[in-house]
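Read the structure below first, then the notes.
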Amino acid sequence: MSTEKNLQQGRVVWAAGGFYTVLVGAEEVTCRIRGRLKQQAGGVFTGDLVQIERFGSKDGVIEEIMPRKLVMKRPNIANVDQAVLQLAARDPDCDLLLLDKMLLNCAHLGVQPLILFNKCDLLESEAAWQQLAAPYIAAGYRVIRASVKQGLGVEEVRAALAGHITVFTGPSGAGKSSLLNALMPELQAEVGEISQRLQRGKHTTRQVSIHVLAEDAMVADSPGFQLLDLAEDLTEQRCAELMPEFAAHHCRFEQCLHDKEPDCAVKAALAAGKIDEGRYQRYLRLLTDLREREVKY
Ligand SMILES: Nc1nc2c(ncn2[C@@H]2O[C@H](COP(=O)(O)OP(=O)(O)OP(=O)(O)O)[C@@H](O)[C@H]2O)c(=O)[nH]1
Ligand SMILES: [Mg+2]
Ligand SMILES: [Zn+2]
């Protein structure tokens, strides 16, 4: 008699309390995991491709974790190739330093970022939109103007999701779950209020969950956050390289951080109004954060 196990491949789409929901084809299988895997490569992440052994139609056990392409730390998810970085244009206030950190982390990891400003129904004018979006469009990022409330931008997002595994990420209260519900009304993900006193969301979504939007598109909802660290192995030099609007300018020193160095082409471009002052100032702030972090270690 053969002892070969009958293994099937699937993707972990949800994890809670030691159980993992693995999608095998269109079937959801509830799995435990082999003890030896708990230590391997940090355990099992939502998004992992795994080999499972089935017991009956609904239950199974994860036997192998397939090599993963990447792991995002915040939110905790494996193997995504695109991230919708979603912020509310208003309510809660738009935290652009947080956005710039998310952009650097994505670029560092090799995840394609897509900036989405939601709640544009709350913007007072066209000028307010321009002020928000123009620096990012000028830097070369793709920016989507959205109001889930009014249905604005939803189909543009749907089109952008084709062919990708995309995670929706950003502050609590940005409307990530609301956007997912607009894309997949059958989902009925829980949506929360904004605390007007604190001007932030109430951390309604507690777990990362992956959903099949179309044959070639998967999307993940994820818990929002207020604070974010730059990736652990991000250096000052790497940050400088990952700022797309700096790339066209060539400084005297190849390793220029565009801070206090002489003959800096980036600073010249800044003075000429070709680089956004806000983006540059936040970049300097992040360099300072990284230096302080180095001192701590
Ligand atoms: N005005 C306005 N409100 C919106 C819009 N989209 C979502 N909201 C509201 O914003 C609040 C937060 O929405 P959620 O979808 O729960 O936000 P979230 O990003 O999933 O928050 P977490 O799960 O806590 O990370 C809810 O009260 C939504 O009704 C929009 O386009 N305009
Ligand atoms: Mg949510
Ligand atoms: Zn420079």
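The values are calculated or read from the model by the stated rules, or taken from the named source; none is laboratory data. Because the structure is predicted, anything quoted here is derived from the model rather than measured. Neighbour counts are summed over all protein chains in view; Cβ atoms, including those assigned to glycine, are modelled from backbone coordinates with ideal geometry.
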Residue list for segment 45-78, filter: within 26 Å of the chain's Cα centre (by Cα), under 13 Å from Leu23 (Cα atoms) and not in a strand (DSSP E or B): Thr46, Gly47, Asp48
Six or more apart or on different chains, Cβ atoms under 7 Å: show the pairs whose first residue is in segment 101-122 and more than 17 Å from Val154 (Cα to Cα) and whose second is acidic (Asp, Glu) and outside any helix (DSSP H, G or I). Val111/Asp81; Gln112/Asp81
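Inspect segment 278-294 for any residue being in contact with a Pro (Cβ under 9 Å, 6 or more places away or on another chain), assigned to a helix (DSSP H, G or I) and among the acidic types (Asp, Glu) and give the result as yes or no. Walk me through how you get there before you give the answer.
Filtering segment 278-294 down to residues in contact with a Pro (Cβ under 9 Å, 6 or more places away or on another chain) leaves 278-279.
Now restrict to residues that are assigned to a helix (DSSP H, G or I): 278-279.
Adding the requirement that they be among the acidic types (Asp, Glu) leaves none.
Within segment 278-294, not a single residue is in contact with a Pro (Cβ under 9 Å, 6 or more places away or on another chain), assigned to a helix (DSSP H, G or I) and among the acidic types (Asp, Glu).
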Scan Val80, Val84 and give me the residue that is modelled with pLDDT of 95 or more, assigned by TED's automatic domain parsing to the domain that holds Ile210 and in contact with a Phe, Trp or Tyr (Cβ under 7 Å, 6 or more places away or on another chain). Val84
Listed by first then second residue, the pairs whose first member lies in segment 24-52 and is touching a residue at least 24 places away in the same chain (Cβ under 8 Å) and at negative phi, whose partner is among the polar types (S, T, N, Q) and surrounded by fewer than 14 Cβ atoms within 10 Å (Cβ to Cβ), with beta carbons under 9 Å and at least 6 positions apart or on separate chains, are Val24/Gln9; Glu27/Ser57; Val29/Ser57; Thr46/Gln207; Leu49/Gln9; Val50/Gln9; Gln51/Gln9; Ile52/Gln9
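So that you can scan it fast, the table gives a plain yes or no per residue for (1) within 14 Å of ligand 1 (Cβ to nearest atom); (2) surrounded by 14 or more Cβ atoms within 10 Å (Cβ to Cβ):
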| site | (1), (2) |
| --- | --- |
| Val61 | no, yes |
| Lys69 | no, yes |
| Met72 | no, yes |
| Ser125 | no, no |
| Leu132 | no, yes |
| Gly140 | no, no |
| Gly151 | yes, no |
Mind checking which residues of segment 157-201 are part of a loop (DSSP other than H, G, I, E, B), surrounded by 13 or more Cβ atoms within 10 Å (Cβ to Cβ) and within 12 Å of ligand 1 (Cβ to nearest atom)? Gly170, Pro171, Ser172, Gly173, Ala174, Gly175, Leu187, Ala189, Val191, Gly192
Please determine, by comparing only the residues of segment 214-256 that are surrounded by fewer than 20 Cβ atoms within 10 Å (Cβ to Cβ) and among the aromatic types (Phe, Trp, Tyr), which one is farthest from ligand 3 (Cβ to nearest atom). Phe225
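The rows are residues; the columns are (1) assigned to a strand (DSSP E or B); (2) within 16 Å of ligand 2 (Cβ to nearest atom).
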residue: Val84; (1), (2): yes, yes
residue: Leu104; (1), (2): no, no
residue: Phe117; (1), (2): yes, no
residue: Trp129; (1), (2): no, no
Close pairs from segment 262-285: first of a type in the set (A, V, I, L, M), partner within 15 Å of ligand 3 (Cβ to nearest atom) and in a helix (DSSP H, G or I), Cβ under 8 Å, at least 6 apart: Val266/Phe246; Val266/Tyr280; Leu270/Tyr280; Ile275/Glu245; Ile275/Phe246; Ile275/Val266; Ile275/Ala269
